[in-house]
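Take a look at the structure below.
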Amino acid sequence: MSLDRPAAPDPYQLLPAVGSFTVTSSDVLDGEPMAQVYAHAGVGGQNLSPQLSWSGFPDGTRSFTVTCFDPDAPTPSGFWHWLVVNLPASVTELARGAGTQPGAGLDLRNDFGATGYGGPYPPEGDRPHRYYFVVHAVDVDALELAADSSAAYASFNLAFHTLARAIITPTYQV
């Protein structure tokens, strides 16, 4: 089987325009390969989420959503690796290996079928995949989502409530 296919577009360029702010990481760099420690255990990683911090978000931000999406997965819909919704506006950093704490966000199911972070696991020999770590500044305290909401449904809701986005896009290849 061949994995030759056109490169997927930047998925956030396909959405309505919103403002931007800054996300940084002490663990990953935009456009640079991620260390093995952040990859899924299935490819020898430790499945740790990278540290992320953000600033410069707009007034009116009432909560944050943090996501990780791979548009380069060989599927028509990409692959969701992480969705944390309803982080309070006072939360401006997630530590390496972060999980949500009660009252501090809701982890939704990723495309591995689990909650929490699921690290990169691209097919062996495929080109480098891009991992869009996105912090969404949201205009409501909480998106009305159930714990079993899909990534597509969460994204649909974000389209109506995102004030601005901060994006960092490291890569990974097996």
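Annotations for the structure displayed:
- Within segment 122-146, tally of residues that are touching a Lys or Arg at 6+ places or on another chain (Cβ under 8 Å) and of a type outside the set (D, E): 6
- Tallying residues that are in a strand (DSSP E or B) and surrounded by fewer than 18 Cβ atoms within 10 Å (Cβ to Cβ) within segment 87-106 yields 2.
- Search result, residues across segment 125-165 that are aromatic (F, W, Y), in a strand (DSSP E or B) and either open to solvent by 10 Å² or more (accessible area, probe 1.4 Å) or touching a Phe, Trp or Tyr at 6+ places or on another chain (Cβ under 7 Å) (or both): Y132
- Here segment 14-68 is the region considered, the condition is being among the β-branched types (V, I, T), part of a loop (DSSP other than H, G, I, E, B) and over 14 Å from the mean Cα position of the chain (by Cα), and the residue that is farthest from V85 (Cα to Cα) is V18.
- Scanning segment 70-80 turns up one or more residues that are at pLDDT 95 or above, open to solvent by 40 Å² or more (accessible area, probe 1.4 Å) and part of a strand (DSSP E or B).
The values are calculated or read from the model by the stated rules, or taken from the named source; none is laboratory data. Given the structure is predicted, the values throughout are model-derived calculations rather than measurements. Heads up, the Cβs are rebuilt from the backbone with ideal geometry, glycines too, and the neighbour counts pull from every protein chain shown. Each accessible area value is taken on the protein alone, full model and side chains, heavy atoms only, with ligands, DNA and RNA left out. Shrake-Rupley method; radii C 1.70, N 1.55, O 1.52, S 1.80 Å.
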